[in-house]
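In what follows, a structure is listed as structure tokens, so that the remarks can point back to it.
The values are calculated or read from the model by the stated rules, or taken from the named source; none is laboratory data. Only a predicted model underlies this, so the values are computations on that prediction, with no experimental measurement involved. Here the Cβ is made from the backbone with ideal geometry for all residues, glycine too, and neighbour counts use every protein chain on show.
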Amino acid sequence: MASITERGGRYLARVRRDGFKLVAKTFTRKSDAMAWARRVEADMEAGRWVEAVPAVPAVPTLREALAEYRATVAVKMKGAKDYVYRFDFIAATNFAAKPINDITPFDLSQWRDDLAQTRKPATVVRVLALLSGVFTWAMKERGLITSNPLALVRKPRVADGRSRTLTQEEWGWLLKEASTSKARWLAPTLTVLGRSAMRRGELFGLKRLDVDYSRAVAHLADSKNGSARDVPLCPEALVALRELDRMAEQEGRSALLPLGHVESISMTFMRTVRRARATYEQECAREGRKPSPTLLFDVRLHDLRHQAVSHWASKGALSLPELMAISGHKTPRMLTRYAHMSATALAGKLAKLAA
């Protein structure tokens, strides 16, 4: 039986017949609605009526799923700004154009091997972990895939924690070069990082009001481990922070560093390392001596955190809980990855004990 209903100047035609699902369609003219209803009833009676098969929604490509994940999930992640380049890198791959449910472990293992040609194992693992999170989200929250293809892909073996710290000579060359940089904030920034054990992101987010100079404490409202903490500051770090504070006050900033992105610290640091090495080699040439092949070689910004922890650990005057309060580590095991004692310094202590 057919019925025609007017709604807002349009006509809704419904056809109900035993053995068939309700069929409905909207028209702008009543005559068209009635004619359509008669045709449908006639087709049903004659056995010609075929119910329309609902369209199956298209499965998005990995690139499309990645864009949705970035907009809805990744924006809430800690360090979301740091992940931008990794997302862009994944989106540029050839297999990102494939439907997400067509991506195979073979696609991913080939990509892993290609990455390993130009990037270190730790970097490859981090990129794979980010993509694995996307696949897990697509499986559990969107129902786009039934399993995570990366679960079947072997991850590169990553060596234990990095142990590189700077020697006193390297530290001196680095600060000397930083003091001549056009980036006036660089030298005090390196001093703070090399003496307070703060992470670059923690210093980047530090505001002028976060530093209590009378108590010699910097308050970090948000640290890597997700909880706030107070960082005790030595006199060197305090002097450097006061210098950054003066610059910020002159420029009318609340943030201590005049930077738009945390990555700017690392990029400026690496340029400074290269300049310091070049200056060192020039001095060696003038003095007719051969430069050390290891001085300022393979230095990274995060090594300053190792430098700070090792510096205070080597003093021998601080307890384990006190060192953990400086570094912000929650377990002694994590702290020991950063407190790299110089074998020469330990030999000196052994000599004193033996005497």
Top-ranked residue in the range 307-355 [being of a type in the set (V, I, T) and either within 25 Å of E169 (Cα to Cα) or touching a Lys or Arg at 6+ places or on another chain (Cβ under 7 Å) (or both); ranked as modelled with the highest pLDDT]: V309
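Taking only the range 92-117 into account, find how many residues are over 22 Å from G143 (Cβ atoms) and part of a helix (DSSP H, G or I).
Step one: list which residues in the range 92-117 are over 22 Å from G143 (Cβ atoms), which gives 92-94, 106, 109-117.
Within this subset, residues satisfying the condition of being part of a helix (DSSP H, G or I) are 94, 106, 109-117.
Within the range 92-117, residues that are over 22 Å from G143 (Cβ atoms) and part of a helix (DSSP H, G or I) number 11.
What number of residues within the range 296-306 are in a helix (DSSP H, G or I) and either in contact with a Phe, Trp or Tyr (Cβ under 6 Å, 6 or more places away or on another chain) or modelled with pLDDT under 80 (or both)?
Residues of the range 296-306 that are in a helix (DSSP H, G or I), as a first pass: 303-306.
Those left that are additionally either in contact with a Phe, Trp or Tyr (Cβ under 6 Å, 6 or more places away or on another chain) or modelled with pLDDT under 80 (or both): 306.
Final tally of qualifying residues: 1.
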Positions within the range 217-264 being surrounded by 17 or more Cβ atoms within 10 Å (Cβ to Cβ), touching a strand residue (DSSP E or B) at 6+ places or on another chain (Cβ under 9 Å), in a loop (DSSP other than H, G, I, E, B) and of a type in the set (A, V, I, L, M, F, W, C), in sequence order: L233, L256
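Would you say A52 is without any contact (Cβ under 8 Å) to a residue 60 or more places away in the chain, of a type in the set (G, A, S) and not in a loop (DSSP other than H, G, I, E, B)? It would help to see each step written out before you state the result.
On the way: without any contact (Cβ under 8 Å) to a residue 60 or more places away in the chain: yes; of a type in the set (G, A, S): yes; not in a loop (DSSP other than H, G, I, E, B): no.
Here the answer is no, as A52 does not meet what is asked.
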Pairs, first closer than 15 Å to Y85 by Cβ in the range 261-278, second of a type in the set (V, I, T), C-beta under 8 Å, six or more apart: none
Some residue of the range 274-295 being closer than 30 Å to E322 by Cβ, of a type in the set (F, W, Y), out of contact with any strand residue (DSSP E or B) (no Cβ under 7 Å at 6 or more places or on another chain) and not in a loop (DSSP other than H, G, I, E, B): no
When residues of the range 205-216 are limited to those that are hydrophobic (A, V, I, L, M, F, W, C) and not in a strand (DSSP E or B), the one surrounded by the fewest Cβ atoms within 10 Å (Cβ to Cβ): L209
